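The block underneath contains the structure these notes are about, expressed in structure tokens.
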Amino acid sequence: MNFFAENLKVFKRIFFPLFALVVLSSNLDQYLNLHIENALRDPTGAQQQVLFYGFFAILSSILFPVLLIGCCLYALNSLYNWADDLEVFLKKHLNQMYIESLRAWGKTLLWSLLFILPGFWKYLQYSLVPFVVTSSQRYDLGKEDALQRSAEVVNKHWGKILGILFLFHLFIPMMVTTLFDSYRLIWKTPVQSLMLSALDTYLLLVSTHILFNIFKREVKQHDAHV
């Protein structure tokens, strides 16, 4: 099955629930950021408001990315195994995804405090941690560490993975933000906001699909030599 046929199947299976999550996370971020900016502009000082909305902004930035990538990986894994539905898949993997992601973020932060470039490299090395948690039988059996395995795969394909992350998670989002950021608020421009969220959803699906294929090929090659 070629990439576009696979991507169409993934699109049909997960687009609408993923789209709903993207709409929720995007507008929640916009809402929290607006309140933080207003609180910072308050001449009388609004430290409590900044801390309150800042806390939820940090919480949102932790919860939603893992949940979004988990939904994408559910649809991609379903290409090979149709036994689980989304709820079962998330119950099985989501908690462990958060644990391993927090481990990865903690190590990345430690390296970033020392030097920026080593911190960025660690971020890149751990970018496939959710793929290991959801798509590796050796991880399920406790035979490999998610962070180490992610780093091994990235070390072999770092150019491709860096290019994918740069294109889909930095360059295109920056261009879209520069041109259309004023249309993000769903309570002000609902049609434009939903269209931008649909674009975000599709870009997330495509980028995750490409990374998933790289990871699955590496797993097959590794298993063939074990």
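What follows draws every value from the coordinates through simple rules; no lab data is involved. Fair warning: this is a prediction, and the values are worked out from it, not measured in the lab. Methodologically, a virtual Cβ is constructed for each residue, glycine included, from the backbone with ideal geometry; neighbour enumeration extends over all protein chains shown.
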* Under unit Cβ charges (Lys, Arg +1; Asp, Glu -1), what dipole magnitude, rounded to 20 debye, does the range 3-225 have relative to its Cα centre? -> 380
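Sort Ile99, Ile161 by Cβ crowding within 10 Å, fewest neighbours at the top.
On the way: Ile99 13, Ile161 21.
Final ranking by Cβ density, sparse to dense: Ile99, Ile161.
For a 20 Å ceiling on Cα separation, which of these pairs sit above it: Lys9/Lys216; Lys9/Lys220; Lys156/Lys216; Lys160/Lys216; Lys160/Lys220?
Numbers: Lys9/Lys216 17 Å; Lys9/Lys220 22 Å; Lys156/Lys216 13 Å; Lys160/Lys216 14 Å; Lys160/Lys220 18 Å.
Table pairs above 20 Å Cα-Cα are Lys9/Lys220.
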* With the dipole of the range 60-143 worked out from charges on the C-beta (+1 for Lys and Arg, -1 for Asp and Glu) around the Cα centre, which of Leu79, Asn95, Leu110 lies farthest toward the positive end? -> Leu110
* When ranked by the protection proxy of mean other Cβ atoms within 10 Å per residue, highest first, what sequence do the peptides 166-176, 71-81 form? -> 71-81, 166-176
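Mean residue ellipticity at 222 nm from the helices of the chain, using -39,500 (n - 2.57) per DSSP H segment of n ≥ 4 over the full residue count, to the nearest 500 deg cm²/dmol?
Numbers: 9 runs with 186 residues, N = 226.
Computed mean residue ellipticity for the chain: -28500 deg cm²/dmol.
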* Could you work out the local net charge near Pro173, counting Lys and Arg as +1, Asp and Glu as -1, over the other residues with Cβ closer than 12 Å to its Cβ? => -1
* Cross-link partners of Lys92 among aspartates and glutamates (Cα-Cα below 19 Å; sequence separation of 8 or more within a chain) -> Asp84, Glu100, Asp140, Glu144, Asp145
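Within the P(r) computed for the range 46-140, what percentage of the Cα pairs occupies the region above 22 Å? Don't skip to the answer; put the middle values down first.
Values: 1825 of 4465 pairs.
Pairs farther apart than 22 Å: 41 percent.
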* Structure fact -> Of all C-alpha pairs within the range 30-83, those more than 19 angstrom apart amount in percent to 49
* To do: Any chance you could list P(r) for the range 3-225, counting all Cα-Cα pairs in 5 angstrom bins from zero, rounded to whole %?
  => 1, 6, 12, 16, 19, 17, 13, 8, 4, 2, 1, 0, 0, 0
* Which whole-Hz ³J(HN,Hα) couplings does the range 182-192 yield from phi under the Karplus relation 6.51 cos²θ - 1.76 cosθ + 1.60, θ = phi - 60°, glycine and proline marked x? -> 5, 9, 6, 6, 5, 7, 10, 10, x, 5, 5
* Asked: In degrees from 0 to 90, rounded to the nearest 10, what is the angle of the helix 146-166 Cα long axis to the longest principal axis of the chain?
  -> 60
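Starting with the highest mean, order 117-125, 130-138 by the number of other Cβ atoms within 10 Å, averaged over the residues of each peptide.
Details: 117-125: 16.8, 130-138: 22.3.
Taking the mean over residues of other Cβ atoms within 10 Å, the ranking is 130-138, 117-125.
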